[in-house]
1. Between Ala278 and Leu85, with labels modelled 7 Å along Cα→Cβ, what's the label distance in nm to one decimal, could you check?
2. So how much slack lies between Lys104 and Ile267, counting 0.36 nm per residue of separation and subtracting their Cα-Cα distance, in nm?
3. Please list Asp108, Asp294 from largest to smallest accessible area, probe radius 1.4 Å, with all protein chains kept in place.
4. If I take R0 = 41 Å and measure r between the Cβ atoms of Glu211 and Arg35 in this structure, what FRET efficiency does the formula 1/(1 + (r/R0)^6) give, to the nearest 0.05?
5. So if R0 is 22 Å, what FRET efficiency would Ser222 and Asp126 give, r being the distance between their Cβ atoms, rounded to the nearest 0.05?
6. Could you tell me which of Ala125, Cys56, Ile103 has its Cα farthest along the dipole of the range 39-139 towards the positive end, charges placed at Cβ (Lys, Arg +1; Asp, Glu -1), taken about the Cα centre?
7. Probe radius 1.4 Å, ligands and nucleic acids ignored: give me the carbon and sulfur share of the accessible area of the range 28-123 as a rounded percent.
8. If you take the square roots of the eigenvalues of the alpha-carbon gyration tensor of the range 250-289 and sort them as a ≥ b ≥ c, do you get rounded (a/c under 1.5), prolate (a/b over b/c) or oblate?
Amino acid sequence: MLRFAAVRSGLGMLTVRRALLLSRSAHSAPQAEYRPIKKVMVANRGEIAIRVFRACTELGIRTVAVYSEQDTGQMHRQKADEAYLIGKGLPPVAAYLHIPDIIKVAKDNGVDAIHPGYGFLSERADFAQACTDAGVRFVGPSPDTVRKMGDKVEARSLAVGAGVPVVPGTDSPISCLQEAQAFAQTYGFPIIFKAAYGGGGRGMRVVREYEELEENYQRAYSEALTAFGNGALFIEKFIERPRHIEVQILGDKYGNVIHLYERDCSIQRRHQKVVEIAPGFQLDPHLRDRLHADAVNLAKQLEQNSKQFPLLSKQTLAALRRNGSGTEKAVLARAEETLGEHGNISFAFDAYKVFHLPHSLMIKPAAFACNQQKKASQLPAGFEKLLPKEKQS
């Protein structure tokens, strides 16, 4: 399966320079003044952290490392200007997934931006949002974009909407072994289980015959839960010996998106890349151009969707409750009272309205798609107008 990957650590200085371009003010409450990045934390370990530290040092940016109790002697701790323990008493992986400790270290030590590296929290929207809420820049996309692309099932849907071809797969995370059996009966073997909320080769298991289905389902779930804190899985038809081509993308807060060409990551072990070759070799020029165009179009569509209904931070919502107009407070209170039972509803407001009328409050019904939440048609009379039209049923 072809994968469009955002620019991360592999480009060293370019990745960190991106932090200077990606002001988080586009995705959170407006900030009063420009704040240059003087100190960067890497919420990761090993070579990725070291590479980001090297780039920061070349740019004159001070660096901060975090480490688990088991990683006290690791090299990345020694390469940073400052280093702090996180996740005391936790296993090493759990320590690097402990968002409260990471945010506390960042706030206590004047960190301006956090680079997630790859794996761990790099595809967790709640971590990107926690950074925004804490007033720390997240080196990467907005929380809403991370949520959409971190959720591999939703990312598939966005790709289909952008005209990008995808292999056959489930439209939502599976909830039981019976759903996997039904998919296998429809599309045949081999199939592959994939973590719905993570990447990096974790939570992936290939199934080639019916007898292997249950064991691989359980193993993939357990691995995804351990690696990403969420064991949700989806299924795709497995392609034997595919070419794994990634297109590198660079974007800014104004919606400009460019590609930085592609790299061939087909040489893998256990679904993890071993060698990356750039540019991709023996790649048909027309196919290469199509890959580049599809990647840019997908990124632009994602950016447009994110800008249409920008998420408000918890701090902004709290400020509206305290200091908002009577209409604002009334709409917030009524929406929360009525929709609160549906789970963690994310509030978003139309960026082009002043928010003086109730219909300018848009509810992002992310929770309606899972956990057997109520449909929009079951809401009290009048509340269907608060939902984006494409989500109504």
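The values are calculated or read from the model by the stated rules, or taken from the named source; none is laboratory data. The structure presented is a predicted model; accordingly, all values stated were derived computationally and were not measured. All Cβ positions, even for glycine, are placed from backbone atoms using ideal geometry, and neighbour counts span all protein chains on display. These accessible areas exclude ligands, DNA and RNA; they are computed on the full protein's heavy atoms, side chains included. Shrake-Rupley method; radii C 1.70, N 1.55, O 1.52, S 1.80 Å.
1. That separation, rounded to one decimal, is 3.8 nm.
2. Full-extension gain reported as 54.8 nm.
3. Putting Asp108, Asp294 in descending order of accessible area: Asp108, Asp294.
4. Efficiency for this residue pair is about 0.10.
5. Efficiency computed from Cβ-Cβ geometry: 0.55.
6. Cys56
7. The computed percentage sits at 52.
8. oblate
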